[in-house]
Each structure stands twice: as structure tokens, then as C-alpha cells.
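Report on the structure given below.
Read-outs: derived from the displayed coordinates by stated rules, not from any lab. Because the structure is predicted, anything quoted here is derived from the model rather than measured. Positions of Cβ are generated from backbone atoms using ideal geometry, with glycine treated the same way; all protein chains shown enter the neighbour counts.
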Amino acid sequence: MSSSSQNAFGTAVVVGASIGGSSVAATLSPHFDKVIVVERDELPQEPAKRKGVPHSYQFHTLTVGGRLALEEIFPGLTEEVHAGGAPKPILVRDSRYASKAGWFPRVPTEHEMLAVTRRYLEWYIRGRAGKLGNVEFVEGTQALGLVVNDGRVTGLKVQNLTTKENSVIEADLVVDTSGRPSQAPQWLEEAGYEKPKETVINARWGYATTYVEVPEDWHPDWHSTYIGPTVTGEGTAATRGGAMWRQEGNRYVITAQGCAGDFPPQDLEGFKEYISSFGFTDFIDMINQFGTVEPVEAWRNTSNRLRDFAGMPDRPEGFVVVGDACAAFNPIYGQGMSMAAFAAQRLGNAVGARKAAGKGLDDGFTADFQRGYQEFLAPFWEFSTSSDYGIPGVEVDGVAVEVRDRPESQYADRLLALATEDADVAVKFMETVSMLRDTSWMAEESLRERVQADWDRLGSLSRD
């Protein structure tokens with residue numbers, strides 16, 4: 001296929017119209033004549049739950065780093081979403097955060113957050129992408145597989161779910177952003193390639209969520225509260241925790257969380273009992289004061305799953321896989337929406353670099369991108385999985401393994417303890433969680449010496 005305009009490439013086809021798919025469409029738009037987003041759902045015209053994103057009801061966090069990435073893709077996003085009702089709390093200052101060692105100090109920072117529901121953000125981003133002149137959303141259409149000719153993907157097989165008619169959308173590049181349900185491994189196998197190796201790490205987290213609505217003028221001195229399970233020790237606090245924060249519409253999302261298979265129930269009375277059971281009353285006080293405006297819904301699909309597309313011995317050109325379709329992180333750590341934005345940025349930049357160099361999307365583009373993308377993912381994968389490896393009963397590829405009490409984990413626990421006493425350490429930790437700072441600061445010699453000198457005391461701190 002040839003380009004008929006100033007753009008270097010012809011048609012890109014994106015599978016999935018979620019945050020990742022719409023963001024990818026936007027970053028590819030400057031480089032293709034046409035970008036077609038294929039989505040099996042009929043897309044709502046307002047923020048709403050839809051079948052293809054059942055997790056959208058649950059709590060979601062947009063990290064500061066993720067917000068900045070989306071702002072780059074969609075200039076003006078922050079202020080427009082804020083105008084739609086999403087608060088802009090300040091990182092650290094407006095958050096009550098409790099680790100196993102105690103509460104972090106609350107101090108001002110320069111980092112502005114955006115507290116928005118997944119439903120609203122997806123709707124907003126899809127609307128922005130749809131306003132680009134060469135982006136088209138094809139709804140009610142199921143992706144069925146790849147068309148491969150001479151080692152190159154040349155199209156996507158699809159079915160109209162209303163008429164049941166099958167057809168092919170020709171493409172110069174197909175991008176799978178369809179999330180955890182992705183069929184990319186099966187598509188590759190059907191085309192004659194090996195499936196990528198898959199690693200699954202499951203610490204058996206689960207959570208349940210409801211919402212309360214507060215008066216518009218009700219503003220406590222905090223915006224969000226997070227209390228994680230202590231993991232070690234006895235009692236319900238070892239496996240249970242909770243989170244709540246204000247979002248658009250004067251609503252607070254309230255989520256009960258449990259690890260090691262200690263799942264919160266889905267009925268309201270059971271939820272209230274569970275969220276009252278680990279020594280902190282603010283969650284139940286909020287529910288009792290304002291009541292709930294939505295039912296309790298539970299979620300259990302929380303495993304970390306990495307599909308090693310980068311390690312495939314052979315692959316067709318013209319097909320890349322990003323987001324949860326490639327690496328799905330435990331959603332308890334709030335990385336998903338931000339990772340979708342980062343993936344879109346990287347893919348747009350990679351295609352743009354080929355365009356600037358006067359090169360096509362063959363000659364190893366797919367392999368080069370997939371390898372670079374997974375190198376980028378590695379520290380985020382380590383962050384998510386290293387925490388889960390410390391939870392009793394954690395399973396790797398379906399087999400329970402012994403809990404790892406690694407020296408790195410012991411050091412990290414004491415660093416968290418130090419953060420309860422040192423605001424500078426607390427800020428750096430939260431900047432890392434918010435994807436603004438890498439983890440290299442944790443290995444600085446002066447900090448390691450400081451922790452080592454106070455090893456026993458820091459190891460004894462708890463939030464009791």
C-alpha cells in the first residue's frame with residue numbers, strides 16, 4: 001500500500017478502543033494516511049460502563065507521569081478533564097498513605113495529580129482521538145486474526161457482529177491494544193509462528209468497590225487515603241487494606257483490597273464488615289455518614305502476565321503488541337492507564353523516527369520496537385512482581401512458590417520505614433510510584449549506609 005499524502009505510511013489498524021487504543025491512534029495519526037480503530041463494543045456517547053472494559057468500575061489511578069504523557073499526546077487534557085469535575089490534588093501533600101511501617105509525612109510538592117475515573121478518561125480520550133481527521137472508529141466489529149503474506153502482515157480479519165459478515169481491513173501496520181483478552185498468541189500461531197512464552201505471577205489479590213457521594217462543599221484536609229496490607233504479621237491487617245479518593249461528580253471511590261486469597265465480599269454488608277476489620281475506621285465512617293450510591297462490585301483478575309513477544313525467534317513484520325496485551329501488571333499498583341500512555345508515546349516516536357529517516361516499517365522494525373518496548377517495561381514489571389513475590393501463597397505459572405525474603409526486599413521494607421520519618425525519602429518514593437523518578441536513588445551509597453546503620457530499629461517499626 002502506498003501513501004497518497006504527506007504522511008509516510010498508508011493505513012494503521014488498531015485493535016481495541018480503550019485508553020491504550022485511542023492513545024495509539026493519536027500518536028500514529030501524524031504518520032499514516034488513515035488510522036482505523038477496531039472495537040467489538042458499541043461505544044457509549046458519554047462516560048459509561050461497557051462490556052469490553054468490565055474493570056472500569058473499579059478504582060483506577062492515573063500517575064503523575066501518566067498524566068504528563070497523556071498531556072503530551074492530547075494537549076490541554078489536564079485542564080479540560082479538571083473542568084469536567086476531576087480534582088487536581090497535590091502529590092504527597094493531599095494523600096494519606098500508610099505502609100506496613102506507618103504513615104508517610106504529608107508535605108507540599110510541585111506535582112499535580114488528576115483524580116479521574118477510568119470511564120471518564122477513556123471517553124474523553126476517545127473523543128479527542130476521534131476529532132483527528134484521519135482516525136476512524138469501527139464499532140461492533142470483532143478482530144479475528146491476521147492476514148500474513150510473505151512474512152508480512154497485510155491486513156486484519158474482522159467480523160461485523162451485527163451482520164456476521166467477515167472481511168479484511170488492509171493495513172501497513174496492525175497494533176494490538178486489546179488488553180488482557182488479547183488473542184495475539186493464537187493469531188501468530190495460526191499464521192505459522194511460535195507463540196510467545198508467557199509468565200504469570202499471581203499473589204491472589206482481589207478487591208471490591210463502591211461509591212459515596214458527598215456535598216459539593218465537603219472538603220476534608222485530605223484527598224485520598226491508602227492503607228496496604230502489612231503482609232507480615234498476624235491478623236486481618238496482614239492481608240487486608242483499603243483505598244478511597246475523590247473523583248469527578250463529588251464522588252469518592254471506596255475500595256477494599258485483599259491479598260493471599262483473602263478476597264473482600266461483593267454484598268454491601270459483607271463489604272462493610274471487611275473494610276472495618278483491619279484497624280482503620282475512616283472507610284466505614286464515610287459509608288455510614290453518606291451512604292452508598294452504587295452497588296459493590298468485585299474483581300479478581302489481578303495476576304501479572306508477561307508475554308515475551310520480544311523473545312520470539314521469528315515474527316511477521318507489521319504487527320506489534322502493546323499494553324496489557326503484552327504485559328499486564330497487577331492492577332492493585334495502579335500502573336495500567338499510565339503504561340498505556342507510555343506505550344502510545346513509544347510507538348508514535350518509533351514510527352516517526354522511521355518516517356524521518358526515510359525508512360519503511362519493514363527491515364526489522366517490529367522486532368526492534370518489541371525489544372525496546374519490553375526493555376522499557378522491565379523496571380515496571382520488577383516493581384509489580386517483586387512486591388507480589390513477598391505474599392504468602394504466590395503462584396508462578398500456576399504453581400505455588402516459597403515466599404522470597406530477599407535482601408532487596410528487606411532493604412525496601414526499611415526504606416519504607418525510613419520514609420515514615422523522613423519527608424525527603426517519602427517524596428522520592430512517591431515520585432517513583434508516580435512514574436516521575438526511576439529507582440536508582442534507592443541504591444545511592446549514602447542512603448544504603450544510613451539504612452544499614454539503623455537496620456534493626458527500622459526493621460522493627462510498624463503502623464500499630
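Here's how it looks for VAL147: its modeled amide H is under 5 Å from those of THR154, GLY155, LEU156, LYS157, which are all 5 or more places away or on a different chain.
Bridging of LYS157 to lysines at a Cα separation below 21 Å is possible for LYS34, LYS195, once same-chain residues fewer than 8 apart are set aside. Model label sites at ASN349 and ASP267, defined 7 Å from Cα along the beta-carbon direction, differ in position by 5.2 nm. For the stretch 140-184, trypsin sites (Lys or Arg not before Pro) meeting the loop criterion (DSSP other than H, G, I, E, B) and having at most 10 other Cβ atoms within 10 Å: LYS164. What trypsin sites (Lys or Arg not before Pro) does the stretch 291-360 have in DSSP loop regions with at most 16 other beta carbons within 10 Å? Those satisfying the criteria are ARG300, LYS359.
A straight chain from THR236 to GLU194 at 0.36 nm per residue would run longer than the Cα-Cα distance by 10.7 nm.
Projected label points at GLN452 and THR439, each 7 Å from Cα along the beta carbon direction, are separated by 2.0 nanometres. Computed over the stretch 404-460, the convex hull of the alpha-carbon atoms projects to a mean area of 4.0 nm². Helix 64-73 and the long axis of the chain differ in direction by around 20°, with both axes built from C-alpha atoms.
Comparing Cα centroids, the stretch 209-265 and the stretch 395-464 end up 23 angstrom apart. Let me make sure I get this right: for the stretch 234-310, a, b and c are the square roots of the gyration tensor eigenvalues over alpha carbons, sorted descending. Under 1.5 in a/c it's rounded, otherwise prolate if a/b > b/c, else oblate. Which is it? Verdict is oblate for the stretch 234-310.
Would you mind getting me the FRET efficiency between GLN410 and GLN142? Use the beta-carbon distance for r and R0 = 45 Å, nearest 0.05. Between GLN410 and GLN142 the formula returns 0.40. When +1 charges are put on Lys and Arg Cβ atoms and -1 charges on Asp and Glu Cβ atoms, the dipole computed for the chain relative to its Cα centre reaches about 460 debye.
Computed from Cα positions, the angle between helix 407-419 and the longest principal axis of the chain comes to roughly 60 degrees.
Ranked by how many other Cβ atoms sit within 10 Å of their own Cβ, fewest first, the residues LEU43, LEU146, LEU161, LEU156 fall in the order LEU161, LEU43, LEU146, LEU156. Between LYS359 and TRP103, residue separation times 0.36 nm minus the direct Cα-Cα distance comes to 86.9 nm.
Across the options LEU416, SER387, THR432, the greatest Cα extent toward the positive end of the charge dipole of the stretch 375-451 (unit charges at beta carbon of Lys, Arg, Asp, Glu) belongs to LEU416. Phi angles of the stretch 308-323 translate, via the Karplus equation with coefficients 6.51, -1.76, 1.60 and θ = phi - 60°, into HN-Hα couplings of 8, 5, 5, x, 5, x, 8, 7, x, 5, x, 9, 10, 10, 9, x Hz per residue; Gly and Pro are given as x.
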